[in-house]
1. To the nearest 500 deg cm²/dmol, what mean residue ellipticity at 222 nm is calculated for the chain from DSSP H runs of n ≥ 4 alone, each contributing -39,500 (n - 2.57), summed and divided by the residues?
2. Quote the FRET efficiency, to the nearest 0.05, computed for Leu255 versus Asp295 with a Förster distance R0 of 25 Å and r equal to the Cβ-Cβ distance.
3. Need one word for the range 106-248: rounded, prolate or oblate. Basis is the Cα gyration tensor (sqrt eigenvalues a ≥ b ≥ c); a/c below 1.5 gives rounded, then a/b vs b/c decides.
4. Rank the residues Val395, Val150, Val224, Val269 as a footprinting-exposure proxy: fewest other Cβ atoms within 10 Å of their Cβ go first.
5. Kirkwood hydrodynamic radius for the range 236-341: how many Å is it when counted over pairs of different Cα atoms?
6. Taking R0 as 56 Å, what's the FRET efficiency between Glu364 and Glu135 from their Cβ-Cβ distance, rounded to 0.05?
7. For a quick check, take a GNM of the chain with Cα springs below 10 Å and name the residue from Ala204, Ala385, Ala139 with the largest mean-square fluctuation.
8. Among Lys180, Lys344, Lys2, what is the fewest-to-most ranking by other Cβ atoms within 10 Å?
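Just so it is clear, none of the values below were taken in a lab; they were calculated from the coordinates. Computed from a prediction, not measured in an experiment: that's the story for all the values here. With ideal geometry, Cβ positions are generated from the backbone for all residues, glycine too; neighbour counts draw on all protein chains shown.
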Amino acid sequence: MKVLVMILAGGAAPGLYALTTSRAEAAAPFGGKYRIIDFPLSNCVNSGLYNIAILTQYMPRSLNEHIRAGKPWDLDRSEGGLRLLQPYQSSAEAQGAWQEGSADAIRFNIDVVRESGAEQVLLLAGNHIYKMNYEPMLAAHSMRKADVTVGVLPVHPHLTGRYGMVSADTDGRITRFEEKPRRTRSTLASMGIYVFEASVLMDALSGSISQIRHIGGDLMPRLVRRKKVYSYEFEGYWANVSTIPAYYEANMGLLADIPALDLNDPRWVIHTRSEQRPPVLLGEAAHVSGNLLCDGAVVEGEVHHSIIGPGVSVAAGAVVRDSIIMNDTHIAAGAVIDRSIIDKEVQIGEGACIGWGDDNTPNEHAPGILNTGITLVGKRSEIPAGVRLGRNVLVGAGVGPEDFASEEVASGHRV
């Protein structure tokens with residue numbers, strides 16, 4: 001059985017706002033030292049799959065720099081290995097359109113499938129957090145002689161509008177696939193993990209320039225009606241982190257006494273590209289509890305129930321609580337960070353307060369997302385000394401002291 005893995009890592013992620021201003025969602029940091037793309041990549045190599053293509057499009061530079069030739073995942077190989085498939089404009093597209101969806105991205109690169117000689121294509125999303133051995137799913141696909149197999153897991157009925165929902169008979173054959181339905185009786189959600197017979201995938205996407213754009217919305221309902229499509233139920237932890245609340249909750253879940261996602265499992269290592277940094281340094285007056293502290297972090301103040309990325313410094317008198325602080329951010333003396341996400345290389349001035357007060361009024365520009373009290377500060381921003389940012393505030397990437405109108409920012413309504 002020859003398998004080609006294709007990881008879709010090219011979509012924009014508007015639900016993550018400032019975290020994806022200058023990077024693809026798959027390149028966003030997670031768990032301190034990792035990137036989101038590390039999880040599907042590590043799952044592949046841990047499953048013995050080494051022929052991998054990553055499809056990029058939106059803001060790919062950070063992703064490309066992280067992955068490079070794939071050495072941390074043992075993918076820098078002369079045969080198979082890793083390929084980054086960059087976006088391009090096809091001569092067949094008279095209007096010069098870019099890839100306009102997940103299925104469209106595969107269609108633009110269908111020559112890679114054809115030339116690989118693969119019998120099956122394992123199609124993955126690059127924006128999900130989970131640990132999964134793909135071998136049993138591939139074996140079930142072959143045993144059933146399926147045309148397509150869809151990874152599924154049960155979800156709460158109130159969440160069905162977020163996913164592609166699957167209905168299956170007693171043998172696991174899918175009888176209905178609904179993309180993000182408002183109402184459905186099904187509670188089985190697609191994980192965005194698919195095994196395709198290569199011939200079925202190529203036939204389905206040939207000559208379909210205008211008809212099929214998205215796998216869930218366009219391709220799967222059509223294949224369910226015409227082909228043998230089966231479900232494969234996954235029983236482990238899986239998270240789609242495409243919104244700020246989901247991203248925050250998945251990160252903070254790593255701090256549980258018994259986390260649902262165990263990053264310390266030597267049997268299933270999550271590989272990543274790590275810089276050489278010194279060990280964590282805790283000052284004499286430091287007070288820390290219940291954290292993840294990454295290499296190069298220097299803590300002189302207090303840090304509680306937080307994720308501290310590589311190279312972060314927390315000065316004496318500063319307090320960090322229930323927050324995610326990314327690489328090389330500096331938090332000056334007397335600053336207080338509470339229930340916030342701070343992107344890379346941010347400067348927090350002396351006495352500044354991020355996540356201040358008890359007013360949880362939703363952000364007026366993004367009330368559907370920034371409504372749980374999380375404040376977000378984008379990459380390379382500088383928060384002036386003494387500024388107070390309320391809850392549900394969004395500070396974009398690269399914001400400087402001159403951009404602050406303190407009354408508006410503190411109220412939680414400025415974007």
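1. Values: 9 runs with 70 residues, N = 415.
After summing the helix terms and dividing by residue count, I get -4500 deg cm²/dmol.
2. Details: r = 18 Å, r/R0 = 0.72.
That gives a FRET efficiency of 0.90.
3. Values: a/c = 1.41, a/b = 1.37, b/c = 1.03.
Rounded is the answer for the range 106-248, as its axis ratio a/c remains below 1.5.
4. On the way: Val395 27, Val150 33, Val224 21, Val269 13.
Lowest to highest Cβ neighbour count: Val269, Val224, Val395, Val150.
5. Details: mean 1/r = 0.0690 Å⁻¹.
This gives a value of 14.5 Å.
6. Details: r = 49 Å, r/R0 = 0.87.
After rounding, the FRET efficiency stands at 0.70.
7. Highest fluctuation among the options: Ala139.
8. Placing the least packed residue first, the sequence is Lys2, Lys180, Lys344.
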